[in-house]
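The values are calculated or read from the model by the stated rules, or taken from the named source; none is laboratory data. For clarity, every value in this text was computed on a predicted model and none was experimentally measured. All Cβ positions, even for glycine, are placed from backbone atoms using ideal geometry, and neighbour counts span all protein chains on display. What goes into the accessible areas is simple: the full protein's heavy atoms, side chains included, and nothing from ligands, DNA or RNA. Shrake-Rupley method; radii C 1.70, N 1.55, O 1.52, S 1.80 Å.
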Amino acid sequence: MKKPIIGITSAYEEEKELKHYHRTTVCIDYAESIVKAGGIPLVIPVLNDREVIKSQLELVDGLLMSGGLDINPRYYNQDFLEGTKLVSPERDENEWIILEEYLATNKPILGICRGMQMINVFKGGTLHQDVKNISKEILKHTQDYLPELKVHKINIKKNSILSDLFGEQLVTNSFHHQALDEIGNGLKIVATTNDGIIEAIESKEDRFLLGVQWHPEMMTARGNKDMLKIFEKFIQVTKNKGGIQ
């Protein structure tokens, strides 16, 4: 059987040492995780030509929205608050077009960190621009340690993709300073940390749409077999043409 092709979104960067030199990049951990799960990774460069993007998306069986810089808060009708860091107008525009075209296909989608946040914003949701602005004590969500290190528990709701894979709890890494606030249309919360931060979302509809706030690719690429289950499930449903089962 042909291995599924998984498109991976990328970042738009400017080389500080060389003026007017731009590049598109993505952490290799995403590609390695897709390969370990039995898929073929295909990096999607940051372009904003809609017809080109549509042609790119026709080539893929699934889409992985990768992590990265903050999303411009204007996309969810907020002004910049203290705590928002670097944004990438080029990437924001690229991924907005990607979601407009891709979600209509009903093919599987996996969002990681920024990727989950972008899906939520596209669906009409909002973000906490910095978890430090939340008026209660919260866990440390931006770790300074090894990328594969487990630092906090997440509590998983029943009858979800994640509960089928892991049961009621999982211990994950954490590399984010923003978090989901209001949930977008057609989405549901399926996991939270003990401080209430949203760690995973899924679609209310009968389709594979999974967003996670932590970085399972960092853990998978460094040998974590449990986190590999997320990518294996993703690859499995691409073979089933998007059906969750």
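Only beta bridges with both residues in the chain are counted; by DSSP, about 55 percent of them are antiparallel. Spin-label pair K225-M1: with each label point 7 Å from Cα along the Cα-Cβ axis, the two points sit 2.2 nm from one another. Across region 176-245, Cα-Cα pairs more than 19 Å apart make up 43 percent of the total.
In region 154-245, the portion of solvent-accessible area held by carbon and sulfur atoms comes to 42 percent [1.4 Å probe, whole percent, DNA, RNA and ligands not counted]. Using a simple spin-label model with pseudo-atoms 7 Å out from Cα toward Cβ, E182 and E148 lie 4.1 nm apart. Length gained on full extension, V35 to D164, computed as 0.36 nm times the residue gap minus the Cα-Cα distance: 44.2 nm. Per residue of the chain, the DSSP helices (runs of n ≥ 4 H) give a summed -39500 (n - 2.57) that works out to -8000 deg cm²/dmol at 222 nm. Using a Gaussian network model on the chain with a 10 Å cutoff between Cα atoms, which of E90, E205, E168 fluctuates the most? Fluctuation is largest for E205. Looking at the square roots a ≥ b ≥ c of the eigenvalues of the Cα gyration tensor of region 27-157, which shape do they give, rounded for a/c under 1.5, prolate if a/b is larger than b/c, or oblate? It is oblate, given that a/c is not under 1.5 and a/b is not larger than b/c. What shape does the chain take by its C-alpha gyration tensor, where a ≥ b ≥ c are the square roots of the eigenvalues and a/c under 1.5 counts as rounded, a/b above b/c as prolate, and the rest as oblate? Since a/c stays below 1.5, the shape of the chain is classed as rounded.
Residue ranges 45-54, 117-126, 216-225 sort as 117-126, 216-225, 45-54 when ordered by packing (mean number of other C-beta atoms within 10 Å per residue, highest first). Among L57, L165, L209, the largest mean-square fluctuation in a Gaussian network model of the chain, built with springs joining Cα atoms closer than 10 Å, belongs to L165. What the Cβ-Cβ distance of K19 and L47 gives, at R0 = 25 Å and to the nearest 0.05, is a FRET efficiency of 0.70.
Only protein atoms count toward the accessible area here, which uses a 1.4 Å probe; on region 28-82, the carbon and sulfur part of that area reaches 55 percent. Note on the chain: GNM, Cα springs under 10 Å; of F208, F166, F80, the largest mean-square fluctuation is that of F80.
Taken per residue, the accessible surface of the chain reaches 48 Å², heavy atoms only and a 1.4 Å probe. Computed from the C-beta positions of E100 and N240 and an R0 of 22 Å, the FRET efficiency is 0.35 to the nearest 0.05. Please say if region 71-129 is rounded, prolate or oblate, where rounded means a/c under 1.5 for a ≥ b ≥ c the square roots of the C-alpha gyration tensor eigenvalues, and otherwise the choice is prolate for a/b larger than b/c and oblate otherwise? Prolate, since a/c reaches 1.5 and a/b exceeds b/c.
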